[in-house]
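Report on one structure; see the data block that follows.
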Amino acid sequence: MATGPLRPEPDHPPRHRHYHSRRASGFAAPDVVLAPYEGFDQGTYEKLSALAPTVAYPDKAWQTSWQDQTTLIGQALGKTAEAEALVTGLDDRLAKTAAEHPEFAGKTVSVVNFDTDAATVNVYMPSDPRVQVLTELGFTVAPGVSKLAESNADKFFADISVENIADIDADVVVAFVADDTTVAANPAYANLGALGRDTAVTLSDTQVIAGLSQTSVLATPWALERLTPRLSAAANNAGA
């Protein structure tokens, strides 16, 4: 995997965000490749860097916070002040949402993916941006997820057997599902207490899932507009 901070040369004035192979597409080479979140390996980084200065993830793959993503892109584009303003704006919005929804404060949360092999569940770690956004709203990471993270320090998610799903139960569980039949199709999911308490927020809309997963100053506000009412209902169902 790529290691360490990978930055573009500061004297290259970048403009384009996306990488295209000149041989494959016929387009001119980009001025910069912006990928501060994507988890490509060192070999891919070197290929991209041969085309243009490349901004890659600074620490762990798929675990760059939306704040750091925005800051890195702003630096690469020579728009540091604008990036800082965008970060402040979303920080303020998250704080405002948290203040408007005191029912979030202190409630435990897990974010999981049921749209996978029927025998396993993907559990997103505290370092994952999906989880980070929810904690910025006032939620706290479920104890079972924190314990799981101890043995998965470098990962943004971990697989658990569906039989152990109760281990990552929380006051509120955000679950990605293939469709409305996913939960009913696997009786083992019934061991997740949040489903019985009606405190699970199941998401099958791929646009909303992407908006929560690809955290950014553009996607996150859009996703929160659609998620906040459901998070509020789940948190209120969880009680004090």
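Please treat every number below as a calculation from the coordinates, not as lab data. Since the model is a prediction, treat every value here as computed from it, not as a measurement. Positions of Cβ are generated from backbone atoms using ideal geometry, with glycine treated the same way; all protein chains shown enter the neighbour counts.
Ordered by the count of other Cβ atoms within 10 Å of each Cβ, fewest first, Thr202, Thr70 give Thr202, Thr70. Taking amide H as placed 1.01 Å from N in the peptide plane, Phe157 has its amide H under 5 Å from the amide H of Met125, each at least 5 places away in sequence or on another chain.
Going by neighbour counts of Cβ atoms within 10 Å, the residues Asp115, Asp180 line up, fewest first, as Asp180, Asp115. Taking only pairs that are 8 or more places apart or on different chains, how many Lys pairs in the chain have Cα atoms under 24 angstrom apart? So the count of such lysine pairs works out to 7. Summary value for the chain: 16 percent relative contact order, contacts being C-alpha pairs under 8 angstrom separated by 6+ residues. Database remark: amide H of Lys107 closer than 5 angstrom to the amide H of Thr140 (H placed geometrically; neighbours at sequence offset of 5 or more, or on other chains; Pro and chain starts carry no H). Using only the Cα atoms of the chain, build the gyration tensor, take square roots of its eigenvalues as a ≥ b ≥ c, and label the shape rounded, prolate or oblate: rounded if a/c is under 1.5, else prolate if a/b is larger than b/c, else oblate. Note, shape of the chain comes out prolate. In the chain, the calculated helix contribution to ellipticity at 222 nm averages -12000 deg cm²/dmol per residue, counting -39,500 (n - 2.57) for every DSSP H run with n ≥ 4.
What shape does region 21-121 have by the C-alpha gyration tensor, where a ≥ b ≥ c are the square roots of the eigenvalues, rounded means a/c under 1.5, and otherwise prolate means a/b greater than b/c and oblate the rest?
Oblate, since a/c reaches 1.5 and b/c is not below a/b.
In a simple Cβ point-charge model (Lys, Arg +1; Asp, Glu -1; nothing else charged), the chain has a dipole of about 520 debye relative to its Cα centre.
Please work out whether region 111-240 counts as rounded, prolate or oblate from its C-alpha gyration tensor, where a ≥ b ≥ c are the square roots of the eigenvalues and a/c under 1.5 means rounded, while otherwise a/b larger than b/c means prolate and anything else oblate? Rounded.
Between the helical axis of 219-238 and the longest alpha-carbon principal axis of the chain there is an angle of about 20 degrees.
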